[in-house]
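The values are calculated or read from the model by the stated rules, or taken from the named source; none is laboratory data. Being a predicted model, the structure only gives us computed values, none of them experimental. Using ideal geometry, Cβ is built from the backbone for each residue, glycine included, and neighbour counts are taken over all protein chains shown. These accessible areas exclude ligands, DNA and RNA; they are computed on the full protein's heavy atoms, side chains included. Shrake-Rupley method; radii C 1.70, N 1.55, O 1.52, S 1.80 Å.
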Amino acid sequence: MVEEDMRSVNSQSTEHLVYSMTPREDTPYTPYEVDRLKRHLKFHFMTPCQKFKARKRKPWKLIVQILKIIIVTTQVFVFGMQRGNFVDFEQKTRLSLQHLLFKGWEPSYETMPYPAAIGRYALYKTTEIVDHLNYAMTNFNLTEKLAIGAYGFTEDQAGLRSKTATLTLVKFQVGEIFPNNVTYNLNPNLDKVSLTFNATKLENGTEVYDFQQVLRNNGQELSVNKLHSMELNFSLYGIHLKQGTNKVNVEPDCLLIKGKIKYDNSKHNGQMTVFMEIELVSKTCNDGSIFEEDTELETIALILLDSVVVLLCFLSTVTCARSMKRSVILYRKSRVFFKKHYGYKCTWDDVMVFANFWYVMIVISDILCVIGTGLKVAISHQEYKYMEYSGMLLGIATVLVWMGVIRYFEYFERYNVLVLTCKKAFPDVIRFMICAATIYIAFTICGWLVLGPYHIKFQTIFASSECLFSLVNGDDMFVTFSVIDDKAPTAIWIFSRVYLYVFISLFIYFVLNVFISVIIDTYEVVKQHYIDGSPKTVVENFIDSCPDDPSSPLYISDMYSTRQCCSSAGCWLFFCGRRRDYTDDLTNILE
């Protein structure tokens, strides 16, 4: 309360400070120059409509931002559909190959990891390892016959179709374990052995895949105590048909599918987890034809869309940079004026009057959008490795582009209340979040340490944080209480109850309510300012003392007497050149 009273006293004293200050006797400024500076400052902070009324200046920044929102959103929408189609093809390819190559694979393994409908796909016997590898290679050899997808075998160096795969064994250099007398001999350094998994011909001429025979042919043996992990690497050709609404109307992608089946025995806990990873690499199609006119039209449309986005981002950056440059120039003029005319040194609050962080955010969004568009163009040339980066950059740019338009809501009273509330509450919210984060991190570490081995939601430090954040928002409370392992000790079960009750009560009933009260208090203060008037800085009061409204012809005369201009477009873009200032002549006439 004391701080608020002092703040109100300071604001009231500042509100009339400019009027109590008298010009210095040795001031170099004439009354006309003082009035002209007032008009310059007032014009600088006018709305686009007021600027058009005062000097007939069209709101180019607003027009560019609106066009940019429309075009960038269209670009992101088109790219999102393309990216979603490609990622869906990648995921479905992996699932189809898992169904084909994994022995005993079931659709239940394809569900989300939480809530788990079934355990992880894993092997538990040495015989299962051998059977799994033989099954995978046998079905891989029959891929073209069994698979529904358009898959084909790659060529080897001789140009022949290759149905072989490479098996990489990662083993300890020394790995001897004797459980019967509880002794061991281990060398933790790892060795890698690569084997070519070829078919073995039987006496009757039949070809079969035998993992044990492959090991014997290469002087190796299967020792699960030494085995750290295995990788079965294979490659296939595939064609991605980009389906439209009712027909294939886009040129397909020819792809090289690099697959890895990983057998993870690094934990040596009796469970060898098996999973697959695939990578799609662009491949030039040898021949093909499909609706060439439609394909060319779509390609031209996408190139034109990307070009318009880059052009709008360039114009947006230039207009915002010019506005920021003008703000800096105007601030410097004002600082010198107040120092020489009133003997007043501008404070930090006066400096922040000229700061416009909306422009900074818009420029950042333009940069991200241009980079993301460049990566998107690279993707159109079959560089799929940039797809995720392009998606992230364009996604962040879209958020900032839409947020950049919020600055124009400040010109409307009812919308401005919300914007000012966010601005004024931001410092208090940051301080509050720092304090709340210390408690939150403490509970996160404690939950992971104590409950991690017995609770699926606390198995990792990140999972623990995500679980607590969900609890703060009221999600899955009962499940969090109930899914603790039945084999957990009684002390852990009791601790989990106390831990969850304390955390939920503390954050939902106390922390969240305090957070809401911070926002509400700021909102009430902003509403009261609209009734009683908000405290203003010296610069703002100086601007308000200007009696000229936007319809005054003096703004147009100021524009012709002092505006920046030059003949070339480069000068207009980079702020160089000035017309002769007729201020002295006008001042002499008025005097």
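Highest average first, the peptides 547-555, 76-84, 307-315 ordered by how many other beta carbon atoms sit within 10 Å of their residues are 307-315, 76-84, 547-555. Within the chain, helices built from complete DSSP H runs that reach 15 Å or longer along their own axis (Cα positions) and carry a mean Kyte-Doolittle hydropathy of 1.6 or higher are 357-380, 461-472. Here the dipole of the chain is about 1520 debye; that uses its Cα centre as origin and unit charges on the Cβ of Lys and Arg (positive) and Asp and Glu (negative). Annotation: amide H of SER162 within the under-5 Å range of THR154, GLU155, ASP156, sequence separation 5 or more or interchain, hydrogens built in the peptide plane. What the chain shows is 60 Å² of accessible area per residue, with the surface traced by a 1.4 Å probe over protein heavy atoms. For region 51-71 versus region 75-148, the inter-centroid distance based on Cα atoms is 53 Å.
Accessible area, 1.4 Å probe, largest first: how do ILE494, ILE379 sort? Write down the numbers at each step before the final one.
Values: ILE494 90, ILE379 15 Å².
Output order, biggest surface exposure first: ILE494, ILE379.
Each 5 Å bin from zero holds the following percent of Cα-Cα pairs in region 417-485: 3, 17, 19, 19, 12, 10, 8, 6, 3, 1, 0.
Remark on the chain: hydrodynamic radius 31.6 angstrom, per the Kirkwood mean of 1/r across alpha carbon pairs.
Estimated from helices alone, the mean residue ellipticity of the chain at 222 nm is -18500 deg cm²/dmol (sum of -39500 (n - 2.57) over DSSP H runs with n ≥ 4, per residue). Under the classification rounded if a/c is under 1.5, otherwise prolate if a/b is larger than b/c and oblate if not, where does region 318-473 fall, given a ≥ b ≥ c as square roots of the Cα gyration tensor eigenvalues? Oblate, because a/c is 1.5 or more while a/b does not exceed b/c. Peptides 58-70, 339-351 ranked from most to least packed by the mean count of surrounding Cβ atoms within 10 Å: 58-70, 339-351. Comparing HIS132, ILE69, GLN82 along the charge dipole axis of the chain, the residue lying farthest to the positive side is ILE69, per the Cβ-charge model. Think of the chain as a dipole: +1 on every Lys or Arg Cβ, -1 on every Asp or Glu Cβ, centred on the Cα centre; then among LEU37, GLN212, CYS285, LEU37 lies furthest on the positive end.
Can you tally the net charge around ARG94? Count Lys and Arg as +1, Asp and Glu as -1, for every other residue whose Cβ sits under 12 Å from the Cβ of ARG94.
Values: positive: LYS92, LYS258, LYS260; negative: ASP88, GLU90, GLU110, GLU277, GLU279.
Value of the local net charge: -2.
Sort 22-31, 136-145, 326-335 by packing, meaning the average of other beta carbons within 10 Å per residue, with the highest value first.
Details: 22-31: 11.9, 136-145: 17.5, 326-335: 15.7.
Top of the packing list down: 136-145, 326-335, 22-31.
Let's see if you can work this out: charge +1 on each Lys and Arg Cβ, -1 on each Asp and Glu Cβ, no other charges. What is the dipole magnitude of region 412-479 about its Cα centre, in debye to the nearest 20? Could the numbers behind the result be given before it?
Details: 5 positive and 5 negative charges, 52 e Å.
Roughly 240 debye for region 412-479.
The distance linking region 301-315 with region 449-466 is 47 Å (Cα centroid to Cα centroid, whole angstrom).
Rounded, prolate or oblate: which fits region 70-197 when a ≥ b ≥ c are the square roots of the eigenvalues of the alpha-carbon gyration tensor, with rounded for a/c under 1.5 and prolate only if a/b beats b/c? Prolate shape, in that a/c is at least 1.5 and a/b is the bigger ratio. Would you please classify the overall shape of region 117-175 from the alpha carbon gyration tensor, given that a ≥ b ≥ c denote the square roots of the eigenvalues, rounded means a/c under 1.5, and beyond that prolate means a/b larger than b/c while oblate covers the rest? It comes out oblate by the Cα gyration axes. Ligands, DNA and RNA left out, the 1.4 Å accessible surface of region 49-190 is 60% carbon and sulfur atoms.
Element breakdown for region 328-375 at a 1.4 angstrom probe: carbon and sulfur atoms account for 69% of the accessible area. Shape summary of region 364-435, radius of gyration then Dmax from alpha carbon positions: 17.5, 50 Å. Electrostatic bookkeeping for SER517 treats Lys and Arg as +1 and Asp and Glu as -1; over the other residues with beta carbon under 11 Å from its beta carbon, the sum is -3.
Kindly flag which residue pairs out of LYS125/LYS457; LYS125/LYS201; LYS68/LYS260; LYS68/LYS423; LYS38/LYS423 have an alpha-carbon separation exceeding 31 Å in this structure. All intermediate terms of the calculation are to be shown ahead of the outcome.
Working: LYS125/LYS457 29 Å; LYS125/LYS201 27 Å; LYS68/LYS260 43 Å; LYS68/LYS423 25 Å; LYS38/LYS423 26 Å.
Those over the limit are LYS68/LYS260.
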